[in-house]
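Single-structure report; data block below.
The values are calculated or read from the model by the stated rules, or taken from the named source; none is laboratory data. A quick note: this is a predicted structure, and the numbers were derived from the prediction, not measured. Every residue, glycine among them, receives a Cβ derived from its backbone with ideal geometry; neighbour counts consider all protein chains shown. All accessible areas refer to the heavy atoms of the entire protein, side chains included, with ligands and DNA or RNA removed. Shrake-Rupley method; radii C 1.70, N 1.55, O 1.52, S 1.80 Å.
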Amino acid sequence: MKIYADNAATTKMSRHAIDAMIPYMEEIYGNPSSLYEIGQEAKEALESARERVARVLNCEPREIYFTSGGSEADNQAIISAARLGARKGKKHIISTAFEHHAVLHTLNKLKEEGFEIELLDVHSTGLIDPKQVEDAIREDTALVTIMYANNEIGTVEPIREIGKICRDKGVIFHTDAVQAMGHVSVDVARDNIDMLSLSAHKFHGPKGVGVLFAKKNIMLTNIIEGGAQERGKRAGTENVPGIMGMVAALEDATKDIDGYAKKLIPLRDKLIEGLDKIPYSELNGDREHRLPGTVNFCFEGIEGESLLLLLDDKGISASSGSACTSGSLDPSHVLLAIGRPHEVAHGSLRLSLSEDITEEEIDYLITSVNEVVTYLRNMSPFWRDLVNGVRPHVFKE
Amino acid sequence: MALYSDKVMDHFRNPRNVGVLEDANGIGEVGNPVCGDIMKMYLKINDDEIIEDVKFETFGCGSAIASSSMATELIKGKSVEEALSLTNKAVAEALDGLPAHKMHCSVLAEEAIKSAIDDYNKRKNGEK
């Protein structure tokens with residue numbers, strides 16, 4: 001059995017999205033800035049794509065900027081808000097400890113420039129309380145940036161409430177909605193969002209293309225200088241095929257969010273219940289406020305990379321927040337932010353499902369994870385120490 | 001998976017000498033759970049100072065498990081002196097190489113053997 005359970009990393013492109021791209025490579029390949037016919041046709045396609053994205057997000061077309069992906073959108077949103085704030089002497093930025101690195105590393109850069117970065121505690125649930133945002137906002141707050149849904153543990157934040165607080169206090173609110181789009185309902189007007197980042201490849205669109213939504217009163221700072229594309233705010237010939245593929249995927253992914261949730265949530269919950277039966281394991285993040293397809297567990301006594309390699313042998317593609325898979329000495333900053341000790345965070349597993357997953361595949365996932373965890377525990381001196389009481393357990397049985 | 005050589009994957013998937021040696025007379029453990037890897041080596045050394053049997057237990061990534069497995073193969077049947085001269089480089093080379101950021105796994109294997117022999121020497125000298 002082959003199961004791709006790493007949809008939070010990237011997704012398989014939909015046939016519809018691929019088909020939507022091809023004419024813009026084969027026939028209408030003109031540069032949208034060119035004045036002849038195939039250039040102007042590409043320009044029309046681009047502008048119609050902008051309108052379609054705006055319709056999905058519930059904003060104006062001119063508030064949509066096409067980017068190379070989520071990271072670029074995050075960078076530009078945060079830098080722009082920081083520059084706007086700095087002009088008025090506002091150099092305080094509020095975020096959370098478990099944002100994506102595209103946000104955290106941009107904030108680190110601003111910190112070096114003299115900005116004060118306040119990272120809110122996300123608790124063991126992986127959830128922000130809107131009250132925390134309210135209490136943290138000051139006269140000199142330039143920006144609040146909080147992700148819509150967490151990429152590792154899948155918790156969904158109370159964005160509408162946070163947005164309302166920011167709106168009332170007149171503070172710019174940005175959300176990295178890369179993991180949320182196409183999985184939960186997102187509406188920038190309803191959710192009081194000023195800036196939002198998207199990435200097409202997370203919802204069955206192509207890689208290398210994304211969106212920055214910025215309200216029309218927000219003056220963006222260029223990250224990429226050059227030509228006057230994207231209202232002069234993002235230079236570079238537009239990725240027309242990518243944008244057309246993204247729009248097709250975006251419309252498909254958002255047209256029946258309720259149906260998607262209804263189908264996927266019971267399967268996700270079955271997976272959670274099955275994995276929860278493995279002794280000394282625990283779900284990461286709140287049980288209820290989570291994406292319909294994302295499940296993240298920690299297993300005591302084992303290390304994530306060996307777990308992934310053995311699951312790969314069983315045809316399962318998944319990911320982990322262990323240090324060995326992150327390429328650094330520390331395990332995932334997200335797991336540490338929700339209070340998991342290092343030794344437990346090393347033994348994490350993220351399974352992120354797509355909506356074509358079947359019940360039979362869920363059963364196979366549960367059985368396979370159980371087998372591999374048991375096998376690795378049997379050769380783990382750490383596990384032996386836990387069983388013999390030499391070291392204390394972190395989780396209950 | 002292209003991350004590791006075929007040899008690493010072979011030793012990871014089919015680890016040699018894995019388990020506990022009940023009659024071990026030298027036991028060494030290195031690493032810690034916070035860093036994400038622990039290796040435990042069990043040696044049975046005879047009166048001629050030959051490593052008659054060896055087993056290991058490892059908590060860690062694929063290359064940590066493979067390094068332990070390979071290290072046990074390299075010292076089984078060898079003298080204590082030979083085992084002490086085993087370097088992490090030799091372990092990595094026997095595995096057809098390890099990625100740069102995984103070299104510490106081979107270091108752990110070398111240290112685990114040294115630690116087990118140290119334990120054996122202490123027991124022999126009545127320090128334990």
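Taken as Cα centroids, segment A:61-91 and segment A:196-222 sit 10 Å apart, rounded to the nearest whole angstrom.
Across chain A, C-alpha contacts under 8 Å between residues 6 or more apart give a mean separation that, scaled by the residue count, equals a relative contact order of 21 percent.
Can you give the FRET efficiency to the nearest 0.05 for A:Lys396 and A:Ala189, using r as the Cβ-Cβ distance and R₀ = 45 Å? Can you show the working numbers first?
Numbers: r = 44 Å, r/R0 = 0.98.
After rounding to 0.05, the efficiency reads 0.55.
Judged by a Cβ-Cβ distance under 4.7 Å, the unpaired cysteines of chain A are A:Cys59, A:Cys166, A:Cys298. Scanning residues 5 or more positions from B:Lys76 or on other chains, none has an amide H under 5 Å from its amide H, with H placed 1.01 Å from N in the peptide plane.
Mind listing which trypsin sites (Lys or Arg not before Pro) in segment A:1-97 are in a DSSP loop and have 16 or fewer other Cβ atoms within 10 Å? It would help to have the intermediate numbers written out before the result.
Numbers: sites: A:Lys2, A:Lys12, A:Arg15, A:Lys43, A:Arg50, A:Arg52, A:Arg55, A:Arg62, A:Arg83, A:Arg87, A:Lys88, A:Lys90, A:Lys91; in loops: A:Lys2, A:Lys12, A:Lys88, A:Lys90, A:Lys91.
Loop-located and lightly packed - A:Lys2, A:Lys12, A:Lys88.
Protein-only accessible surface at a 1.4 angstrom probe places the residues A:His174, A:His105 in the order A:His105, A:His174, largest first.
Taking amide H as placed 1.01 Å from N in the peptide plane, A:Ile172 has its amide H under 5 Å from the amide H of A:Val144, each at least 5 places away in sequence or on another chain.
Treating the Cα atoms of segment A:1-67 as identical point scatterers in vacuum, please give the log10 of the normalised Debye intensity I(q)/I(0) at q = 0.18, 0.19 Å⁻¹, two decimals. One equal scatterer on each Cα of segment A:1-67 leads to -0.85, -0.90. Note on exposure: B:Thr72, A:Thr125 ranked by accessible area (1.4 Å probe, complete protein assembly) read A:Thr125, B:Thr72, with the most exposed listed first. Counting only heavy atoms of the protein chains and using a 1.4 Å probe, B:Asp118 has close to 70 Å² of accessible surface. Sites listed here are trypsin sites (Lys or Arg not before Pro) in segment A:236-291 whose DSSP assignment is loop and whose Cβ has at most 13 other Cβ atoms within 10 Å: A:Lys255, A:Lys277, A:Arg287. A simple rule links phi to the HN-Hα coupling: the Karplus curve 6.51 cos²θ - 1.76 cosθ + 1.60 with θ = phi - 60°, which for segment A:64-78 gives 9, 10, 7, 10, 7, x, x, 5, 4, 4, 4, 4, 5, 4, 6 Hz, with x for Gly and Pro.
The phi torsions of segment B:25-38, fed into the Karplus equation with coefficients 6.51, -1.76 and 1.60 and a -60° offset, translate into couplings of 10, x, 10, x, 9, 10, x, 8, x, 5, 7, x, 8, 9 Hz, rounded to whole numbers, with Gly and Pro shown as x. Only aspartates and glutamates eight or more places from B:Lys102 in sequence, or on another chain, were considered; those with a Cα closer than 16 Å are A:Glu303, A:Glu305, A:Asp330, B:Asp6, B:Asp37, B:Glu93, B:Glu110, B:Glu111. When segment A:54-179 is described by a simple charge dipole with +1 on each Lys and Arg Cβ and -1 on each Asp and Glu Cβ, the residue from A:Gly85, A:Ala136, A:Phe115 located farthest towards its positive end is A:Gly85. Residue-wise HN-Hα couplings along segment B:106-113, as the Karplus relation 6.51 cos²θ - 1.76 cosθ + 1.60 with θ = phi - 60° gives them from phi, are 6, 5, 4, 4, 4, 5, 5, 5 Hz; Gly and Pro carry x. Solvent-accessible surface of segment B:6-124, taken per residue with a 1.4 Å probe and all protein chains present: 40 Å².
Averaged over peptide A:380-388, how many Cβ atoms belonging to another chain are found within 10 Å of each residue's Cβ? The partial results should precede the final answer.
Details: counts 8, 13, 12, 4, 5, 5, 1, 0, 0.
Counting Cβ atoms of other protein chains within 10 Å of each residue's Cβ and averaging gives 5.
Considering only A:Leu351, B:Met41, A:Gly163, the residue lying farthest towards the positive end of the dipole of the protein assembly as shown is A:Gly163, judged by Cα position with unit charges set on Cβ.
Taking the DSSP beta bridges in segment A:139-202 as the whole, what percent of them are antiparallel, to the nearest 5? Mind dumping the intermediate values first?
Numbers: 1 of 8 bridges.
Roughly 10 percent of the DSSP beta bridges within segment A:139-202 come out antiparallel.
The alpha-carbon of A:Lys109 sits under 16 angstrom from the alpha-carbons of these lysines, leaving out residues fewer than 8 places away in its chain: A:Lys91. The spacing between segment A:1-59 and segment B:51-99, judged by their C-alpha centroids, is 53 Å.
Of the chymotrypsin sites (Phe, Trp or Tyr not before Pro) found in segment A:9-86, the ones in coil according to DSSP and having at most 10 other Cβ atoms within 10 Å of their Cβ are A:Tyr36.
How many percent of DSSP beta bridges within the protein assembly as shown run antiparallel, rounded to 5? Given both bridge residues lie in the protein assembly as shown, the antiparallel proportion sits at roughly 65 percent. Here the contact order of chain B, divided by its residue count and restricted to Cα pairs under 8 Å and six or more residues apart, works out to 31 percent.
Across peptide B:24-36, the average count of Cβ atoms from other chains found within 10 Å of a residue's Cβ is 4. Quote the total accessible area buried by chains A and B together, excluding ligands, DNA and RNA, probe 1.4 Å, nearest 100 Å². Interface between A and B: roughly 2000 Å².
Compute, for segment A:256-387, the length of the dipole vector about the Cα centre, with Cβ point charges of +1 (Lys, Arg) and -1 (Asp, Glu) only. Units Debye, rounded to 20. Walk me through the numbers before you get to the answer.
Numbers: 12 positive and 23 negative charges, 52 e Å.
My answer is approximately 240 debye.
Using a 1.4 angstrom probe on the protein heavy atoms only, could you order B:Glu111, A:Glu37, A:Glu118 from most to least accessible area? Write out the running numbers ahead of the final one.
On the way: B:Glu111 85, A:Glu37 135, A:Glu118 60 Å².
Of B:Glu111, A:Glu37, A:Glu118, the descending order of accessible area is A:Glu37, B:Glu111, A:Glu118.
Please tell me which of these pairs span more than 27 angstrom C-alpha to C-alpha: A:Lys207/A:Lys233; A:Lys111/A:Lys207; A:Lys314/B:Lys44; A:Lys207/A:Lys277?
A:Lys111/A:Lys207; A:Lys314/B:Lys44; A:Lys207/A:Lys277
Hey, if you drop one equal point scatterer on each alpha-carbon of chain A and run the Debye formula without solvent, what base-10 log of I(q)/I(0) do you get at q = 0.11, 0.15 Å⁻¹? Values returned for q = 0.11, 0.15 Å⁻¹ are -0.81, -1.33. Protein heavy-atom accessible surface, 1.4 Å probe, per residue over segment A:1-63: 58 Å². Magnitude of the charge dipole for chain A, about its Cα centre and with charges confined to Cβ atoms of Lys, Arg (+1) and Asp, Glu (-1), is about 820 debye.
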